[in-house]
Amino acid sequence: MARRIAIAAPVNVAGEAVPRALRGPGWDGRFTVLILFLPPALLLFTLFVVLPIGEAAWYSGFNWNGFGRPTHWIGFDNYRFVLETRAFWLALRNNGLIIAVSLAVQLPLALTLALMLAEKFRGAVALRMLFFMPYILAEIATGLIFSFIYDGDYGLVASIWRFFGAEPPYLLASTDTAMLAVLIVIVWKYFGFHMMLFIAALQSLDKSLVEAARIDGATRSQILRHVVIPLLYPTIRLSVFFAIVGSLQLFDLVMPLTRGGPADSSNTMVSFLYNNGISRMRVGYGSAIGVILFAICVTFAFTYKRWFMRDE
Amino acid sequence: MNSAETSRAPFDPAVLFKAAFLGIVAIFVLVPLLATLLGGFKSLGELRVNPFGLPSHWEWQNYADILFSGRYWQLLRNSLIISTLTVTLTLIVASMAAFTFAHVRFFGSSMLLSYLTLGLLFPAATAVLPLFIKVRDLGLLDTYFGVALPQVAFSLAMSVLLLRRFFKDIPYELLEAALVDGCSYIKFFRYVTLPLSRPILATVGTITFVNSWNAYLLPLVMLNTDALYPWPLGIMVYQGEYSSEWHLILAFITLTILPTIILFLLAQKHIVAGLTAGAVKG
């Protein structure tokens, strides 16, 4: 179909060159497309994405349970309440922890695996797929699987402890270990995604640079340190970006594991928002948390893009 | 060069280290998955003493009970309806917008595109309370559309960007020739752009599907009736009911993640491409 049109066109142009050329890709046609094709996307996006954010800012000024219209204006008190909640700072700290673990454990792991698996050998593709698999599993399912693994009566942890003759701990039920347990699941679930990013980057790498270094007598580790890793910097920055954005959205995984508990010790920002705003229908308070989270996300995205991703 | 290296490889200690490292990571990934699959074949008593080995007695009953219950199929049906709605609407709405941004020059085009890409900056969770009130005021609470429409809205930014990039690669001369030939923009879109763009449509469709199939927060907030629950909500309810009967819960988890794993094996190229493509130009 496409080819037929392409071939047919010049003949027509030759036949009626002047009026056709004048009409060209006309305004009438463009206008119809603009009227028909753009509004659905803009309408949906405005209605369900942009307006709610604006409304969150408006609702955050009220003490409101969601029924009727908001009338009880309390100014910035909701923000004050949020900032005075200990659980908010715990959640923020936990998001920081997730980012730290992503940078210190997940990223090096993903990069190492990518360097190993970007080369061709038997089983490389199968291993890549295996490592990527946790990423496509639903976070809810992952959380449930690990709440079994961590279970003090039935799980892996229980059987290891019993093997050494010790009384098994309930990792998810203790304020000291719950967040640690969540962090391990996060690494399990997301390292494969970052590995795939690096593999994609490695495969599109300019091989001639590596070849040139080899000819110049550089050793493998020198090539790695001075050629390959520097060429991967853009991808590393991207991977860090995703790790941070992902941490700020993390919710589904926490719910089946700990619901943010015990005693708010494993809340993330979003699970804190859910537990304190949504599940109790405290619209004003919850919206204030939402606005704070929004501000963090947007500030971060702009700063990061400006400072670290200027060239891309 | 490369293959010569690999065939020499077994004598290199670095290769041994590499194999050991890959093996450990593979075990780290596999153990939870296998334990879940096998756990579903055990009785509760056996699960307690032998959580990770092969079952001594294969208990098919756990899986059979779930497969013959209406509940499992209802959850899958609900998930399928919501995901299909989301994917269909996203593909239609996003490809129309992407086409306009790619091929139609008009005043404010780049401004509107940046407006849409604002959606990439923050998660749906930030505005979920006002979103709930909006959906309620529209009368869509506790309906499939109440979940699907916000999901479409939130997937638009990424979808439009990916589609537009692909559409832009269709030569402009082709469009020009078609227009001169009396073909309208809409016909060109329908008969040229869309057929030529199957790979990217499949990719965008697959990402949207996986995201919607796995989604938890939006359905949790928008749905109240058990009969409408998609599987992530349903499985949480199930776990609440059978709290420590892990053999049943594990069987249930296995059966609910099975469709995802099958889809992944069938469409892995699209899934990997799609989920990492957003990365190339975020």
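The values are calculated or read from the model by the stated rules, or taken from the named source; none is laboratory data. Note that this is a predicted model, so its numbers are computed, not measured. Methodologically, a virtual Cβ is constructed for each residue, glycine included, from the backbone with ideal geometry; neighbour enumeration extends over all protein chains shown.
For the range B:16-36, give me each residue that is crowded, with 18+ Cβ neighbours inside 10 Å and within 23 Å of the chain's Cα centre (by Cα).
Our first condition is that a residue be crowded, with 18+ Cβ neighbours inside 10 Å; within the range B:16-36, this holds for B:18, B:22, B:25, B:29, B:32-33, B:35-36.
Scanning the range B:16-36 gives B:29, B:32, B:33, B:36.
A search for C-beta distances below 8 Å between a residue of the range B:257-282 that is over 19 Å from residue A:200 (Cα atoms) and any residue that is at pLDDT below 85, counting only pairs 6+ apart in sequence or on different chains, returns B:263/B:271.
Does residue B:193 satisfy the condition of being surrounded by 15 or more Cβ atoms within 10 Å (Cβ to Cβ) and either among the basic types (Lys, Arg) or modelled with pLDDT under 90 (or both)? Before you say what the answer is, go through the steps one by one.
Numbers: surrounded by 15 or more Cβ atoms within 10 Å (Cβ to Cβ): yes; either among the basic types (Lys, Arg) or modelled with pLDDT under 90 (or both): no.
Spelling it out, it is not the case that residue B:193 is surrounded by 15 or more Cβ atoms within 10 Å (Cβ to Cβ) and either among the basic types (Lys, Arg) or modelled with pLDDT under 90 (or both).
Would you check which residues across the range B:240-249 are buried (at least 22 other Cβ atoms within 10 Å of the Cβ) and either closer than 18 Å to residue A:143 by Cβ or away from chain A (no Cβ under 11 Å) (or both) and list them? B:246, B:249, listed by residue number. Taken over the range A:68-106, the criterion of being without any contact (Cβ under 8 Å) to a residue 60 or more places away in the chain, within 13 Å of residue A:265 (Cα to Cα) and either hydrophobic (A, V, I, L, M, F, W, C) or buried (at least 19 other Cβ atoms within 10 Å of the Cβ) (or both) is satisfied by A:89 alone.
Does residue A:134 satisfy being crowded, with 16+ Cβ neighbours inside 10 Å and either free of Cβ contacts under 8 Å to residues at least 12 places away in the same chain or within 14 Å of another protein chain (Cβ to nearest Cβ) (or both)? Break it down stepwise before answering.
Values: crowded, with 16+ Cβ neighbours inside 10 Å: yes; either free of Cβ contacts under 8 Å to residues at least 12 places away in the same chain or within 14 Å of another protein chain (Cβ to nearest Cβ) (or both): yes.
Judged against the criteria, residue A:134 is a match.
Filter the range B:141-164 down to the residues that are without any contact (Cβ under 8 Å) to a residue 40 or more places away in the chain and either more than 7 Å from chain A (Cβ to nearest Cβ) or of a type outside the set (A, V, I, L, M) (or both) and list them by number. Across the range B:141-164, the qualifying residue is only B:154. Looking at the range A:206-222 only, could you name the residues that are touching a Leu at 6+ places or on another chain (Cβ under 8 Å) and crowded, with 16+ Cβ neighbours inside 10 Å? None; the set is empty.
Is it the case, given these coordinates, that residue A:192 is buried (at least 19 other Cβ atoms within 10 Å of the Cβ), within 12 Å of another protein chain (Cβ to nearest Cβ), outside any loop (DSSP other than H, G, I, E, B) and modelled with pLDDT under 90? Steps first, please.
Values: buried (at least 19 other Cβ atoms within 10 Å of the Cβ): yes; within 12 Å of another protein chain (Cβ to nearest Cβ): yes; outside any loop (DSSP other than H, G, I, E, B): yes; modelled with pLDDT under 90: no.
So residue A:192 fails the test.
Entry remark, the range B:250-264: residues being farther than 18 Å from residue B:52 by Cβ and either within 7 Å of chain A (Cβ to nearest Cβ) or of a type in the set (A, V, I, L, M, F, W, C) (or both) number 10 in total.
Candidates are the residues of the range A:242-274 that are hydrophobic (A, V, I, L, M, F, W, C) and assigned to a loop (DSSP other than H, G, I, E, B); the one that is farthest from the other protein chains (Cβ to nearest Cβ) is A:263. Residue count for the range B:93-108, restricted to those that are in a helix (DSSP H, G or I) and either at the interface with chain A (Cβ under 8 Å from one of its Cβ atoms) or at pLDDT below 90 (or both): 7.
Within the range A:90-123, track down each residue that is at the interface with chain B (Cβ under 9 Å from one of its Cβ atoms), assigned to a helix (DSSP H, G or I) and over 20 Å from the mean Cα position of the chain (by Cα). I'd like the intermediate steps shown before the answer.
So in the range A:90-123, the residues at the interface with chain B (Cβ under 9 Å from one of its Cβ atoms) come out as A:109, A:112-113, A:116-117, A:119-123.
So of that shortlist, the ones also assigned to a helix (DSSP H, G or I) come out as A:109, A:112-113, A:116-117.
Passing the criteria: A:112, A:113, A:116, A:117.
If you filter the range A:33-67 down to residues that are of a type outside the set (Phe, Trp, Tyr) and in a loop (DSSP other than H, G, I, E, B), you find that the one that is surrounded by the most Cβ atoms within 10 Å (Cβ to Cβ) is A:60.
Pairs meeting the criteria (first residue in the range A:200-227 and within 14 Å of another protein chain (Cβ to nearest Cβ), second residue of a type in the set (Lys, Arg), beta carbons under 7 Å, at least 6 apart or on different chains) are A:223/A:214.
Could you look through the range B:64-91, keep only residues that are crowded, with 19+ Cβ neighbours inside 10 Å and more than 13 Å from chain A (Cβ to nearest Cβ), and pick out the one that is farthest from residue B:205 (Cα to Cα)?
First, pick out the residues of the range B:64-91 that are crowded, with 19+ Cβ neighbours inside 10 Å: B:66, B:72, B:75, B:78-79, B:82-83, B:86-87, B:89-91.
Add one more test, that the residue is more than 13 Å from chain A (Cβ to nearest Cβ), and what stays is B:66, B:72, B:78, B:82, B:87.
Details: B:66: 30, B:72: 25, B:78: 18, B:82: 13, B:87: 6 Å.
Only one residue tops the list, namely B:66.
Determine whether the range A:228-240 contains at least one residue that is of a type in the set (Phe, Trp, Tyr), assigned to a helix (DSSP H, G or I) and within 22 Å of the chain's Cα centre (by Cα).
Yes: the range A:228-240 contains one or more residues that are of a type in the set (Phe, Trp, Tyr), assigned to a helix (DSSP H, G or I) and within 22 Å of the chain's Cα centre (by Cα).
Mind listing whichever residues of the range A:44-70 are within 23 Å of residue A:298 (Cβ to Cβ), over 25 Å from the mean Cα position of the chain (by Cα) and facing chain B (nearest Cβ under 9 Å)? A:58, A:59 - these are the residues of the range A:44-70 that are within 23 Å of residue A:298 (Cβ to Cβ), over 25 Å from the mean Cα position of the chain (by Cα) and facing chain B (nearest Cβ under 9 Å).
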